[in-house]
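*Asks:* I'd like to ask you about the structure that follows.
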Amino acid sequence: MMSGEAWLYLLAVLINAVNLFLQVFFTIMYSDLEWYVSFNFYGLKKDLENPTFVPVRRRFLDYINPIDLCNRLNTYIIPEAAVHGVLTFLFLINGYWIALLLNLPLLAFNVKKIVDNAHLLDATEIFRKLNVHKKESFIKLGFHLVMFFFYLYSMIVALIRDESH
Amino acid sequence: MAAPQDQYGQGYPAPDPYAQQSPSQPGFGTSSPPPPGGQPEEVGGKKKKRGYAAQAYDFGAGANSALGGQQQGGGQFQQPGGPPAPAYAGGYAAPQENAYGGAQYGAPAAVPAVGAPGVPYGAEQPQYGGGVGYQPPAAGYPGPGAPAQTYGMDPAAGGVAGITQGMGQMGVGGQPPAQAQQAAGRPAVLNQLYPTDLLNQPFNVAELDLPPPPIILPPNSSVTPSPDANCPPKYVRSTLNAVPTTHSLLKKSKLPFALVIQPYTSLHDVDDPVPIVQDQVISRCRRCRSYINPYVTFLDHGHRWRCNMCNLTNDVPQAFDWDAAAQKSVDRWQRPELNHAVVEFVAPQEYMVRPPQPLVYLFLFDVSYASVSCGLLATSARTILDSLNRIPNADRRTRVGFMAVDSSLHYFAVPKDTDENGETNMLVVSDLDEPFLPIPQELLVPLSESRLSVEKFLTSLPAMFQANQNGGSCMGSALRAGHKLISPLGGKIVVITATLPNVGYGKLEMREDKKLLGTSKESGLLQTGNSFYKSFAVECSKNQVSIDMFLFSSQYQDVASLSNLPRYTGGQTYFYPGWNAGRSEDAIKFATEFSDYLSAEIGLEAVLRVRATTGLRMSTFYGNFFNRSSDLCAFPAFPRDQSYVVEVAIDESLTKNFVCMQTAVLHTTSNGERRIRVMTLSLPTTTNLADVYASADQCAITTFFSHKAVERALSGGLEPAREALQSKLIELLQTFKKELAGGNMGSGGLQFPANLRGLPVLFLGLIKNVGLRKSAQIPSDLRSAALCQLSTLPMPLMMQYIYPRLYSLHDMPDNAGIPDPETSQIVLPPPHNLSSERLVPYGLYLIDDGQTQFLWVGRDAVPQLLADVFDVADRTKLKVGKSSLPELDNDFNERVRAVIAKSRDYRSRGVGSIIVPHLYIIREDGDPSLKLWAQTLLVEDRADQGMSFQQFMGTLREKVVQ
């Protein structure tokens, strides 16, 4: 029979996996826009000015414009922060101080962004801030990856402890 | 170009005629007297002068005539009783500025000009000073004019020969083609670096008018020998006219690499014709999509061409040498796209996603109490009525629509003229949440078909709302409704409002708090108050709707939020604080500007893209548009009075001798033709840091940093923006000192290349501009409006906005204010540096920043001057404030008016603009607030929280020399 601790860590692993996926998705979207940048240097893109030329890969992908990209990504930003917030809250009420401490910096970062009303992507600024967003996404990705293994480890430790009892 | 350093030494000190530090420099003496041709007049002037009282002379040679070295004071030269004539030979330093220009940039044309301008100045003084007698009341004004005589006398004999010789050499040596031909491959000699000392050789404002350092391309780089093969600076200017080959060299130089692009230089095509390729044969590179241009190379007996951007070989289209209309072959070398760097292609079908849209104007009138009571509604309706003929309508497809807005929406269904008993119907909708279109068809009517009804409607419009007491404005909802109305076609929404939107969508609040001004919280007021204004702007851009804002409120109107709509849709914000139609000046200003605005031949559905030689990448774009992708700027409507800045990154090392950057603007003209305007700029590359500095363009650099500063001010706040500017300048000075001046500063001076000498004063002007100035007095609306200007103005106007023009009128030279016999353009007096030291108490000055003109009347102005110019007998009777000059029948009045009119003439400066500056008359002892306002334009002075130029230079020196 699993203890509450193991359950919690299992939940954490799952939630973390979701966040991890989201960050991967974000990074891919940013890179896609960026890929567009580098590739576009050769003008290989469908638009008004280049009526006939469509690069091969693009033919099978949607035309990503910054407005759609921002709208699409913006729908995930609040849920992502909320899920992470809930997890941290669970650590708090259950008194897992180490896990809480590890999560607090990201929580503070997210809260600050939302309070400053700077959490949503702005289509008018996206190209200037692409690098910043990408960096942020990468850092979050790394953080979640580390946390994933931490939760996994904690869960296994908890399970082993259950067994031994 | 033998010993350029020496030549420079001779020619250079000219702008600094009184510099005590270098009184014995040969160059000075040589450049000061007029050339032999001018001498007889000079002598004549002397004789004439002797006839006048010393006072008269003093007046002429007074503070204003001393351009250069007044700061140094004339202490050691105080010779009040001295013979007048020689003194004034040096009194006007302006001609010597030309000498400097010629020497420095080696423009051959400037050489003969060295002495020539001196002649008219020479002849001028006695007439005005003595004849009419605007003497200063203070007798025996020793003035800094006196020192000049020292110089004036000595060169008389040998000087002339000296100058001819010196200048002759310069002319030959500095001539770019001559140099270029000697060089093989990479041009061996680019522009020469002329380090100058910023502290000892003060900057003169006339240097700002010099052309940028010439672009010296290797010989035969263009395929035709056309003189127009490279893009003229009025369309595209690069901050660096010699491009570093590697990213590390660019980084080392600390200079920015950016293009300042102004695709249109006038409001109407007539004023600025560009060669047009009519035959729809558009040859483009298959890979990089560049357009064929004068820098491609032809291979295989002219059957193929190699792209100068990416080196791919392309086939020359069959029709390239064939004139389909005349059915005969044409000479390829005559084709405009191979001869001109700026051409316009008529685009075929493939360049359209839909048939070219008609020009659409949807007017949103504010009919709330504030707007009706200040006469805005009546004036704007009247102006539109009067300007109906000026709205471009060559294809008879132009459509107009009208909506009125208070706390509800009013639609107007205008019937066709053919409709016998058609009446314009007003439909009122009070549902603001989901505004619907009652009858979509008749709300947007073709102007040609409904002309009479439109006229009738506009005549009756003011009366309809005459008694409106409604104080609300649901402008946000109105914009949504208007967007819905015109989005199938696209077009312009013209918002004319005097009220803060306070109902419905995009509701804004009075958020300005006087206590916040001047604090770090102020930047919050410059940011958008409601996200609606950003998201809606993006939506508009998507549907090819452009929005222009005409804002009139006398109270807080949140320009910061409202200006987002034009910013992302290729529009413009026009701000008229405290406007009232009761003042005729206000009414005339708005009516003239609005009428010009309606007459402008704007482009529609436009995109702008810049392509460049492999290795270069356009990294950041600044201006009013929306970035649809990382390198594509989208403009629902393309204005003709704005410029754009594009920062260029060097991704790979450049191996070629020269690089090309091609700007293409695909647009629909206002008469329904799809066209592509292509501008190809070619620049030499260099591996040498000195070349980079010697070819840097101070005006373009300032424009770039002005855009940067605006961005910084909006995101990070004003203080960081100002600090960034100052630290950038310090960084540049340090880099120059370390890398090029050998780290040794001699007597602790501040060295900088001659072509960048204006940078400190321009940066100071920028830091002290209304948009960025440190002050707790500037309402945030004014600031926001100024920031809009700083990020859109075309370069010549931007320079004037940052560093306004000061003309001295009471002692203007004889040829100023009258048409030049050769060009029939009015001649302006020489501009002065913006320092109150230049203002004498008995003077009359014009200070002009392009947005406002101030006519400054000194506190001791003589009655005769007032009578001649203003038709008042006494200074106290002079009406201060917004005003205009009376038209009097005397020579001086006519000339003053001519100078004022010329100073606001944009066309001659190669810019399109609708702005008609207000003229304010300022009495030095009059209304202190007005006086203070005018004084804020004197950027070299100390202001309440701003440094004077001397202090500024002192700070820079401390930071650099330490």
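What follows is calculated from the coordinates using simple rules that are stated; it is not laboratory data. Only a predicted model underlies this, so the values are computations on that prediction, with no experimental measurement involved. Cβ atoms come from the backbone with ideal geometry, glycine included; neighbour counts cover every protein chain shown.
*Asks:* Which GluC sites (Glu not before Pro) in region B:836-936 pass both tests, a DSSP loop state and at most 13 other beta-carbon atoms within 10 Å? Walk me through the intermediate numbers first.
*Replies:* Details: sites: B:Glu837, B:Glu887, B:Glu894, B:Glu924; in loops: B:Glu887, B:Glu924.
Answer by residue number: B:Glu887.
*Asks:* Dipole size in debye (nearest 20) for region B:251-303 around its Cα centre, Lys and Arg Cβ +1, Asp and Glu Cβ -1?
*Replies:* Details: 7 positive and 5 negative charges, 151 e Å.
For region B:251-303, the charge dipole is close to 720 debye.
*Asks:* Turning to a different aspect of this structure: Give the lysines whose C-alpha is closer than 18 Å to that of B:Lys879, dropping any in the same chain fewer than 8 places away, or say none.
*Replies:* B:Lys931
*Asks:* I've got another one for you. How large is the charge dipole for region B:581-703, taken about the Cα centre, if only the Cβ atoms of Lys, Arg (+1) and Asp, Glu (-1) carry charge, to the nearest 20 debye?
*Replies:* Values: 11 positive and 14 negative charges, 75 e Å.
With only Lys, Arg, Asp and Glu charged at Cβ, the dipole is about 360 debye.
*Asks:* For each of B:Glu723, A:Glu80, B:Glu958, count neighbouring Cβ atoms within 10 Å of the residue's Cβ, then give the residues from fewest to most. Intermediate values should be presented prior to the final figure.
*Replies:* Numbers: B:Glu723 14, A:Glu80 17, B:Glu958 10.
Fewest-to-most Cβ neighbours within 10 Å comes out as B:Glu958, B:Glu723, A:Glu80.
*Asks:* Related question: Sort B:Phe590, A:Phe150, B:Phe298 so the one with the fewest other Cβ atoms within 10 Å of its own Cβ comes first.
*Replies:* B:Phe298, A:Phe150, B:Phe590
*Asks:* Here's another thing I want to ask about it. Checking the table B:Lys708/B:Lys768; B:Lys515/B:Lys708; B:Lys882/B:Lys902; B:Lys416/B:Lys456; B:Lys589/B:Lys708; B:Lys521/B:Lys774 against a 22 Å threshold on Cα-Cα, which pairs fail? List each step's numbers first, then the result.
*Replies:* Details: B:Lys708/B:Lys768 15 Å; B:Lys515/B:Lys708 27 Å; B:Lys882/B:Lys902 19 Å; B:Lys416/B:Lys456 12 Å; B:Lys589/B:Lys708 31 Å; B:Lys521/B:Lys774 13 Å.
In this structure, B:Lys515/B:Lys708; B:Lys589/B:Lys708 exceed 22 Å between Cα atoms.
*Asks:* Something else now. Could you state the number of Å between the C-alpha centres of region B:528-591 and region B:888-934?
*Replies:* If we compute the Cα centre of each part, the gap is 26 Å.
*Asks:* So, in Å, what gap is there between the alpha-carbon centers of region B:642-667 and region B:264-343?
*Replies:* First find each Cα centre; the distance between them is then 19 Å.
*Asks:* Can you list the aspartates and glutamates whose alpha carbon is less than 18 Å from that of A:Lys134, not counting same-chain residues fewer than 8 positions off?
*Replies:* Cα-Cα hits under 18 Å: A:Asp32, A:Glu34, A:Asp68, A:Glu80, A:Asp122, A:Glu125.
*Asks:* Obtain the nm distance between the two label points defined at A:Asn71 and B:Ser226 by a simple spin-label model: each point lies 7 Å from its Cα along the Cα-to-C-beta direction.
*Replies:* So the label points at A:Asn71 and B:Ser226 sit 4.4 nm apart.
*Asks:* Counting Lys +1, Arg +1, Asp -1, Glu -1, what net charge surrounds B:Ser453 among other residues with beta carbon under 14 Å of its beta carbon? Walk me through the intermediate numbers first.
*Replies:* Values: positive: B:Arg399, B:Lys416, B:Arg451, B:Lys456; negative: B:Asp417, B:Asp419, B:Glu420, B:Glu423, B:Glu442, B:Glu449, B:Glu455.
Cβ neighbours under 14 Å give a net charge of -3.
*Asks:* If Lys and Arg each add +1 and Asp and Glu each add -1, what is the summed charge of the other residues whose beta carbon sits under 13 Å from the beta carbon of B:Pro213? Write down the numbers at each step before the final one.
*Replies:* Working: positive: B:Arg237, B:Arg757; negative: B:Glu207, B:Asp691, B:Asp697.
Neighbour charge sum, excluding B:Pro213 itself: -1.
*Asks:* Please report A:Ile156, B:Ile588, B:Ile767, B:Ile215 as a ranked list, fewest other C-beta atoms within 10 angstrom at the top and most at the bottom.
*Replies:* By the 10 Å Cβ count, ascending, the order reads A:Ile156, B:Ile588, B:Ile215, B:Ile767.
*Asks:* Still on this structure: Cα to Cα, under 20 Å, and not fewer than 8 places away if on the same chain: which lysines meet these conditions relative to B:Lys492?
*Replies:* Straight-line reach from B:Lys492, under 20 Å: B:Lys484, B:Lys534, B:Lys542.
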